[in-house]
Amino acid sequence: MAAYTISVIHGDGIGPEVCAEGVKALKAVGAACGHSFAFTDYLAGGAALDKHGVPLPPDTIKGVKDSHALLFGAIGGPKWEKVAHHLKPEAGLLQLRKELGAFANLRPANVHDELLDASTIKPEVLKGTDVMVVRELTGGIYFGTPRGIDGEGANRKGYNTEVYAVYEIERIAKVAFDIARLRRKKVCSVDKANVLESSQLWRDTVIGLHKQYPDVELSHMYVDNCAMQLIRNPRQFDVIVTGNIFGDILSDEASMLTGSIGMLASASVGGPVGFFEPTHGSAPDIVGQEKANPLATIATVGMLLRYGLKLTAEADLVDRAIRQVLSSGLRTPDIARPGERISTTRTVGDAAAAAIRAAR
Ligand code: IPM
Ligand code: MG
């Protein structure tokens with residue numbers, strides 16, 4: 001029995017709808033396992049911009065840092081697309097990752113047998129796919145300097161810098177090797193070392209660190225080839241480790257193997273407080289319609305328990321509940337086949353919470 005304080009940033013769009021179901025799942029875990037979770041809400045993204053004029057108010061940073069873990073919904077939307085770059089909801093998200101020192105972003109893409117038909121890729125290619133993308137999150141071209149837009153007329157230039165230091169590469173590679181040890185012990189490091197110096201250093205550094213992990217099999221792939229291999233034969237991958245922008249792109253691609261981005265969780269760890277968010281965005285097109293799939297957020301709660309609070313049995317309980325919900329046939333529109341009955345966000349969330357409670 002333990003007491004935890006959990007920060008919740010509902011955010012924008014469908015964020016509040018899916019977060020409500022995540023909180024419900026966590027309360028069910030508390031009831032089933034005898035833990036107490038105290039929730040505090042904070043603002044970020046468009047909601048914060050509207051109220052305080054900034055996408056990440058200082059109170060939010062402080063409150064989140066004082067908690068055990070952060071459950072995050074989604075931010076952004078058409079309403080804020082025209083605001084200045086540094087005030088965009090997305091800027092708040094990037095700043096929060098940096099503030100929390102959350103340099104390791106874990107994005108699992110595992111294909112549930114029940115959803116084999118939901119993907120646009122052939123079921124026989126997908127069956128058994130279970131990939132963990134480990135994306136570096138606080139470095140690379142997202143944060144590198146110099147950056148900017150300057151000059152005049154046809155010579156006006158926009159530029160960014162892809163830069164990685166050895167310590168940044170070593171710490172993310174270590175996360176990948178450690179996770180691989182808990183899985184099938186294979187790491188594929190993805191770079192563009194045939195063209196980019198930053199990638200050459202990336203590759204050399206990963207090879208160096210691998211000496212400490214002789215039990216883990218290491219391979220290397222160029223990012224373009226990896227994009228192809230993920231579609232051609234996704235089962236070949238166990239853990240993929242890569243930089244910020246390659247990871248951004250490959251993790252969206254990997255998500256489509258599972259049929260819907262509405263199924264995918266993520267964890268951003270490495271700092272003192274972990275940051276847990278569904279991989280999908282704020283989906284402004286379906287706000288308030290009870291169409292959002294809460295399973296990504298509920299799976300995110302599983303990751304919060306596993307990687308944030310180190311409560312493995314509790315995390316397993318959540319993952320089992322998700323499988324139960326799927327085998328009971330409940331489907332939000334994103335994962336329903338034509339003609340299948342559609343359930344609401346809340347119905348799916350209630351079923352998951354009930355399955356967690358029943359498992360005590
Ligand atoms: C993601 C998103 C973000 C990113 C955006 C919203 C800044 O695409 O979490 O993958 O690029 O990191
Ligand atoms: Mg992305």
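Readers should treat all values here as calculations from the given coordinates under stated rules, not as data from a laboratory. Just so it is clear, the structure is predicted and the values come from calculations on it, not from any experiment. For neighbour counting, all protein chains shown are included, and Cβ atoms are generated from backbone atoms with ideal geometry for every residue, glycine included.
In plain terms, the C-alpha convex hull of the chain casts an average shadow of 18.9 nm² when viewed from every direction.
Spin-label model, Asp150/Lys122: points 7 Å from Cα along the beta carbon direction are separated by 5.4 nm. The Cβ shell under 12 Å around Ile207 holds other residues with a net charge of -1, Lys and Arg each +1, Asp and Glu each -1. Seen through its C-alpha gyration tensor, with square-root eigenvalues sorted a ≥ b ≥ c, the range 120-258 comes out oblate because a/c lies at 1.5 or above while a/b is not bigger than b/c. Based on the alpha-carbon gyration tensor of the range 246-360 and its eigenvalue square roots a ≥ b ≥ c, which shape applies: rounded if a/c is under 1.5, prolate if not and a/b is larger than b/c, or oblate? Verdict is oblate for the range 246-360.
For the range 120-258, the relative contact order works out to 38 percent when only alpha carbon pairs closer than 8 Å and six or more residues apart are counted.
Within the shell of other residues whose beta carbon sits under 9 angstrom from the beta carbon of His10, the net charge comes to -3, with Lys and Arg scored +1 and Asp and Glu -1. Using the Cβ-Cβ distance between Arg320 and Arg203 with R0 set to 41 Å, the FRET efficiency from 1/(1 + (r/R0)^6) comes to roughly 0.60. Under the rule a/c < 1.5 gives rounded, and otherwise a/b versus b/c splits prolate from oblate, where does the range 1-125 land using the Cα gyration tensor? The shape class here is oblate. Please give the Cα centre distance for the range 321-346 versus the range 122-175, rounded to the nearest Å. Between the Cα centres of the range 321-346 and the range 122-175 lies a distance of 34 Å. Taking the charge dipole of the chain about its Cα centre, with +1 at Lys and Arg Cβ atoms and -1 at Asp and Glu Cβ atoms, the residue from Ala84, Ala48, Gly73 reaching farthest to the positive side is Gly73. Cβ-to-Cβ counts within 10 Å put Phe143, Phe177 in ascending order as Phe143, Phe177, the fewest first. Taking the DSSP bridge list for the chain and keeping only pairs wholly inside it, about 40 percent are antiparallel.
Residues whose amide H comes within less than 5 Å of that of Ser282, counting only those at least five positions distant or on another chain, are Ile75 (H built at 1.01 Å from N in the peptide plane).
In terms of other Cβ atoms within 10 Å, Arg183, Arg156, Arg306, Arg135 run from fewest to most in the order Arg156, Arg183, Arg306, Arg135. Scanning residues 5 or more positions from Glu162 or on other chains, none has an amide H under 5 Å from its amide H, with H placed 1.01 Å from N in the peptide plane. Within the straight-line cut-off of under 30 Å between alpha carbons, the lysines reachable from Lys185 are Lys98, Lys122, Lys127, Lys174, Lys211, Lys310, sequence neighbours fewer than 8 places apart in one chain being disregarded. Counting every other Cβ atom within 10 Å of each residue's Cβ, Ile121, Ile207, Ile322 order from fewest to most as Ile207, Ile121, Ile322.
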